[in-house]
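A.B. asks: Please see the structure below; I have some questions.
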Amino acid sequence: MTTQIKVAVVTGSNRGLGLAISRKLSQLGIHVVLTSRNETDGLAAHKQLSSEGLDVNYHLLDVSSNTSVAEFTQWLRQTYGKVDILVNNAGINPTAKPEESSLLTVQPETLQATFNTNVIAVLRISQALIPLMKINNYGRIVNVSTEMASLSTIASDYYPLAPSYRLSKIGVNGLTVLLAKELQGDNILVNAYSPGWMKTDMGGDDAPFTAEEGAETAVYLATLPDGGAQGQFFAEMRKFGGPIQLQW
Ligand SMILES: NC(=O)c1ccc[n+]([C@@H]2O[C@H](COP(=O)([O-])OP(=O)(O)OC[C@H]3O[C@@H](n4cnc5c(N)ncnc54)[C@H](OP(=O)(O)O)[C@@H]3O)[C@@H](O)[C@H]2O)c1
């Protein structure tokens, strides 16, 4: 592979939005490393995209594990010597639990587990891969968030739903702004976006949009030109026909 070809890592890419983002990036000629915490599921996704004629690779990655992230990072360094794009997609949403309908009943253990996967893991993998971006002074980090975590929206249009999930994604948004500030001048652009309500295992069958539609903004942010948006929050593009920034 020539050094010109961009290498992208998508977390939780065995299904749902992560798989859709991987497919779209790969269709653009970007070399995508699919990752999953379950090897069988990840290899099945790899087989699927390969059968579509896409040139993808696969490696095990549990973003909530220090050991897994360290092993993965070492493999990336040895295999490619760099990373150009990181899409922090892996996430959990414990809304199925009845106590998760209100902040007054949410269990601290659930909150902790949700923060571990949705926030701390995003920081863990970002810390590990940013040095591999700095090698070529190029990086694009896309953090998958949700409009439900927009403090402006909550202030004006509140409905009690998924407090652990929402708080964790508010954490993701904060992480996006802080990381972007720390990386100013490095040509590593860090942004968050809301993919909208999608028909995935998490979103359920009633959702109005597909994971492929939700992937559009991720692709836009993963391929930003130098000097593009930094530390911003974007809406799903299909809703507005183009990139629209959201209020934090
Ligand atoms: N669906 C929606 O309507 C919606 C709306 C707004 C935002 N989002 C966000 O979009 C992202 C993707 O969601 P989705 O709808 O595609 O959900 P999904 O179908 O439930 O997929 C979640 C993915 O994250 C992976 N994952 C969870 N914990 C992980 C870990 N510790 N290490 C590695 N992978 C892990 C899952 O792997 P397993 O298969 O092993 O569980 C799965 O691949 C999430 O960040 C979610 O919060 C979704």
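A.B. asks: Any chance the range 133-142 includes a residue that's touching a strand residue (DSSP E or B) at 6+ places or on another chain (Cβ under 8 Å), within 12 Å of the ligand (Cβ to nearest atom) and over 18 Å from His59 (Cα atoms)?
C.D. replies: yes
A.B. asks: Further question: For residues in the range 57-105 being loosely packed, with under 15 Cβ neighbours inside 10 Å and among the β-branched types (Val, Ile, Thr), which is nearest to Lys6 (Cα to Cα)?
C.D. replies: Among those residues, the one meeting the criterion is Thr79.
A.B. asks: Could I ask something else about it? Name the residues in the range 1-42 that are more than 16 Å from the ligand (Cβ to nearest atom), assigned to a loop (DSSP other than H, G, I, E, B) and touching a strand residue (DSSP E or B) at 6+ places or on another chain (Cβ under 9 Å), would you?
C.D. replies: Met1, Ile5, Lys6, Ile30
A.B. asks: Another one. Would you check which residues across the range 232-244 are assigned to a loop (DSSP other than H, G, I, E, B) and aliphatic (A, V, I, L, M) and list them?
C.D. replies: Just the residues of the range 232-244 that are assigned to a loop (DSSP other than H, G, I, E, B), to begin with: 232, 235-236, 241-244.
Hits for the range 232-244 are Ala235, Ile244.
A.B. asks: Something else: Go through the range 81-160 and tell me which helices (runs of 4 or more DSSP H), entirely inside it, have 3 or more residues that are over 17 Å from the mean Cα position of the chain (by Cα) and modelled with pLDDT of 95 or more. Walk me through how you get there before you give the answer.
C.D. replies: On the way: elements: 108-115, 121-134, 151-156.
In the range 81-160, 108-115, 121-134 are the helices (runs of 4 or more DSSP H) which contain 3 or more residues that are over 17 Å from the mean Cα position of the chain (by Cα) and modelled with pLDDT of 95 or more.
A.B. asks: Oh, and also: Could you please tell me which pairs satisfy a Cβ distance under 9 Å, a separation of 6+ or placement on different chains, a first residue in the range 216-242 that is without any contact (Cβ under 8 Å) to a residue 12 or more places away in the chain, and a second residue that is assigned to a loop (DSSP other than H, G, I, E, B) and surrounded by fewer than 22 Cβ atoms within 10 Å (Cβ to Cβ)?
C.D. replies: Gly227/Asn187
A.B. asks: Related question: Spot the failing condition for Phe72; the list is (1) more than 15 Å from the ligand (Cβ to nearest atom); (2) more than 23 Å from Pro225 (Cα to Cα); (3) part of a helix (DSSP H, G or I), and only one is missed.
C.D. replies: Here Phe72 meets the rest and fails (1).
A.B. asks: Just checking, which of Lys169, Lys199 is surrounded by fewer than 21 Cβ atoms within 10 Å (Cβ to Cβ), of a type in the set (Lys, Arg) and near the ligand (Cβ under 10 Å from one of its atoms)?
C.D. replies: Details: Lys169 fails: surrounded by fewer than 21 Cβ atoms within 10 Å (Cβ to Cβ).
Among Lys169, Lys199, only Lys199 is surrounded by fewer than 21 Cβ atoms within 10 Å (Cβ to Cβ), of a type in the set (Lys, Arg) and near the ligand (Cβ under 10 Å from one of its atoms).
A.B. asks: Read through the list (1) closer than 20 Å to Asn93 by Cα; (2) more than 18 Å from the chain's Cα centre (by Cα); (3) in contact (Cβ under 8 Å) with a residue 12 or more places away in the chain, then give the number of the only condition that Asp201 fails.
C.D. replies: Going through (1) closer than 20 Å to Asn93 by Cα; (2) more than 18 Å from the chain's Cα centre (by Cα); (3) in contact (Cβ under 8 Å) with a residue 12 or more places away in the chain one by one, Asp201 breaks only (2).
A.B. asks: I would also like to ask the following. Mind listing whichever residues of the range 207-231 are within 14 Å of Glu147 (Cβ to Cβ), part of a loop (DSSP other than H, G, I, E, B) and in contact with a strand residue (DSSP E or B) (Cβ under 6 Å, 6 or more places away or on another chain)? Let's see the steps before the verdict.
C.D. replies: Let us first name the residues in the range 207-231 that are within 14 Å of Glu147 (Cβ to Cβ), namely 207-209, 214, 217.
Now drop any that are not part of a loop (DSSP other than H, G, I, E, B), which leaves 207-208.
Hit for the range 207-231 is Ala207, nothing else.
A.B. asks: Which one is farthest from the ligand (Cβ to nearest atom) among residues in the range 182-196 that are small (Gly, Ala, Ser) and at negative phi? Talk me through it step by step, then tell me what you get.
C.D. replies: Step one: filter the range 182-196 for residues small (Gly, Ala, Ser), giving 185, 192, 194, 196.
Still in the list and also at negative phi: 192, 194.
Numbers: Ala192: 10, Ser194: 6 Å.
If we take residues in the range 182-196 being small (Gly, Ala, Ser) and at negative phi, then Ala192 is farthest from the ligand (Cβ to nearest atom).
A.B. asks: Restricted to the range 204-237, and to residues that are crowded, with 17+ Cβ neighbours inside 10 Å and of a type in the set (D, E, K, R), which residue is farthest from Gly29 (Cα to Cα)?
C.D. replies: Within the range 204-237, the match that is farthest from Gly29 (Cα to Cα) is Glu236.
A.B. asks: Evaluate the following for Val177: is it assigned to a helix (DSSP H, G or I), away from the ligand (no atom under 11 Å from the Cβ) and in contact with a strand residue (DSSP E or B) (Cβ under 9 Å, 6 or more places away or on another chain)?
C.D. replies: Values: assigned to a helix (DSSP H, G or I): yes; away from the ligand (no atom under 11 Å from the Cβ): yes; in contact with a strand residue (DSSP E or B) (Cβ under 9 Å, 6 or more places away or on another chain): yes.
For Val177, the condition - assigned to a helix (DSSP H, G or I), away from the ligand (no atom under 11 Å from the Cβ) and in contact with a strand residue (DSSP E or B) (Cβ under 9 Å, 6 or more places away or on another chain) - is met.
A.B. asks: While we're looking at this one, here's another question. Residue check: is Glu216 under 16 Å from the mean Cα position of the chain (by Cα), under 19 Å from Val172 (Cα atoms) and among the charged types (D, E, K, R)? Don't jump to the end; show me each part of the working.
C.D. replies: On the way: under 16 Å from the mean Cα position of the chain (by Cα): yes; under 19 Å from Val172 (Cα atoms): no; among the charged types (D, E, K, R): yes.
The answer is no for Glu216.
A.B. asks: Looking at the range 130-181 only, could you name the residues that are farther than 20 Å from Asn118 by Cα and touching a residue at least 40 places away in the same chain (Cβ under 8 Å)? Break it down into steps so the answer makes sense when it comes.
C.D. replies: Initially, the range 130-181 is screened for residues farther than 20 Å from Asn118 by Cα, giving 131-139, 152-153, 155-159, 181.
Matches in the range 130-181: Leu132, Met133, Lys134, Ile135, Asn136, Asn137, Tyr138, Gly139, Ser152, Thr153, Lys181.
The values are calculated or read from the model by the stated rules, or taken from the named source; none is laboratory data. Everything numeric in this text was worked out from a predicted model, so none of it was measured. FYI the Cβ positions are ideal-geometry reconstructions off the backbone, even for glycines, and counts take in every protein chain you see.
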